[in-house]
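Report on the structure given below.
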Amino acid sequence: MTHAAATLAAVAAVAAIAGFAAGCGAQPAAGPALAAAPARDEAPAWRVRPPGGTLAIDPGIELGAGLGAGARPAADALLDARGCASCHAAIVDEWARSRHALAWTNSIFQTEYSARPQAWCVNCHAPLTTQQADLAGPRAAQGVDCAACHVRAGKLVAKARRAGSPHETIGDPSFGSPAYCADCHQFTFPVLSEGGAVKRMTALPMQTTVASFRAGPYARERDGCMACHGSRHGHAFAGAHDAAMLESAVEVAWCRVPRGDTGGAGGVGLLGAPRDASAAEDQTLRVTVRNAAAGHTVPTGDIHRHMGLRLWRASAPEAMFEAFIGRRFEPADDGGSRTTWDSTLAPGQARSFDVPLAQLRGELGEPLQLELVYVYIGNEFPSPRNAPAEPTASSVVRRSAGADELPVCSR
Ligand code: HEC
Ligand code: HEC
Ligand code: HEC
Ligand code: HEC
Ligand code: HEC
């Protein structure tokens, strides 16, 4: 394990550079003194389609008559995750509970997809040509399965072939690099045909997880995305559907702003009515939300993902303060969409909200309630007709405290 891990690590460092250069379209330096440069002029072994999920992924294997049956049972078997379990049980088990395995069947996706079933969506959520041959079948149900990531040109692809491997594996050091994840996690808006096929991709970003990673402080991380999304058996890929991951990602702090530090609407109620303010009520509260542990913006990924920061008193819900942390779009000239509002938090970034206590109304001395909610869909409260069968939101932070229990903010 240790020797192999060290070797893979060295290869990964090269891969990160090569992947990045390829992403920028940079030419490899061709000076005579340079031996074999790390930059590559051939597409990596896992790359079989243009960016943006414009086509399905061709694994290079034709389907037999059924799972494991047919003309070429051995090659065919590479397309079924269940077959891998006899030797890779722990990996299959971990993957089976990941969002990758659920990418086609999960109810959040299916609710949105069945409202507008566009062919393009399937190219990432059940990406293989062999899955798309039967979208109601058992292969499509495996979503982003082993073969979607590991099988190209009829062979397994991995960083390197391991000693003792029975597979005819193609080793590619850029396997698993950010450039590799970008195949599905970085793309612009498409212009679609009536059937939902891609006519062309536009210029402005739709999902931009990999670009925000590359622009941030984790870009030089040796293991790229896997530095945080690696797991015991490498295949859990925990993200926003994992409570522990979410809780680690954002830090929320609240404090009382020292007097004189704000322009201060203290003492004025929401409707402008002067209040009978006690000393404690005549203050401003500062809530700070920080992206403490994600290697990209929070939220990232799907355009509907957002967070709501809420502050209120139980006796005056009508005066609740709420901030939206997410993105909004408007149509752009090229047929795509332009981001018109982006309050997502870049890695390490903090945003503070100053809220005069008096604005929250409620009873004097009554505890303050704070909640940060992560929402998976556009409308947190869908009508029963459009509601997915799984939760549409997850509470990240919930707190309650009296105003005078809060620390005074440091300047
Ligand atoms: C008969 C047992 C067996 C089956 C079935 C099997 N593998 Fe493997 N596989 C191995 C062994 C042994 C290794 C090498 C050492 C290790 O990883 O434990 C390996 C290694 C790998 C590797 C790392 C690259 C390499 O070649 O060393 C990948 C990726 C992989 N397997 C994927 C799969 C997938 C996907 C399936 C199902 C389609 C599968 N395997 C089915 C036994 C098997
Ligand atoms: C180029 C690849 C790609 C295409 C094409 C694509 N998606 Fe996705 N989709 C993703 C990725 C990657 C994620 C995970 C990011 C995240 O978790 O926010 C995702 C997440 C989602 C989610 C959130 C699921 C959840 O578990 O919370 C929904 C819903 C969704 N996609 C719907 C669609 C629909 C509908 C289409 C077609 C209009 C589509 N996607 C097309 C890559 C794609
Ligand atoms: C989202 C893409 C993705 C999917 C889906 C996926 N893998 Fe992997 N797999 C990876 C990456 C990335 C690595 C390399 C991890 C690392 O060492 O950084 C890997 C490594 C492996 C390895 C080598 C493990 C090692 O310790 O070197 C095996 C074996 C493997 N995968 C089997 C599977 C099987 C079996 C499935 C399906 C149940 C599967 N993978 C699904 C991306 C994927
Ligand atoms: C420094 C750690 C770190 C690195 C590096 C990192 N992530 Fe994440 N990622 C997180 C955390 C923590 C979360 C949970 C918070 C969230 O959902 O925004 C997350 C969430 C996600 C999600 C789901 C979030 C959403 O809002 O839809 C996706 C998809 C994702 N990461 C993909 C990637 C990809 C692709 C890379 C590499 C380009 C990467 N991550 C690199 C820590 C990291
Ligand atoms: C073949 C396309 C594909 C590839 C390649 C791929 N992903 Fe994904 N990934 C998806 C899709 C689709 C989803 C969303 C599934 C859903 O929830 O509907 C997803 C979900 C995720 C999530 C969970 C998001 C959440 O909200 O919990 C993480 C984390 C993630 N991917 C990380 C990675 C990393 C890191 C890599 C590269 C090693 C990678 N993925 C490669 C398609 C892909």
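Read-outs throughout are calculated quantities, based only on the coordinates presented, and are distinct from any laboratory measurement. Please read these numbers as outputs of a predicted model, since none were measured by experiment. Don't worry about glycine lacking a Cβ; one is built from the backbone with ideal geometry, like all the others, and counts go over all protein chains shown.
At-a-glance table
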{"read-out": "Relative contact order %, the stretch 243-405, counting alpha carbon pairs below 8 Å whose residues are six or more apart", "value": "27 percent"}
{"read-out": "Theoretical gain in end-to-end length, H88 to E363 [0.36 nm per residue, Cα-Cα removed]", "value": "93.0 nm"}
{"read-out": "Packing-based ranking, highest mean first, of 192-203, 286-297 given that Cβ atoms within 10 Å are counted", "value": "286-297, 192-203"}
{"read-out": "Where labels lie 7 Å past Cα in the beta-carbon direction, separation of S193 and A316 in nm", "value": "5.9 nm"}
{"read-out": "Peptide ranges 144-157, 41-54 listed from the most packed, as the mean C-beta count within 10 angstrom indicates", "value": "144-157, 41-54"}
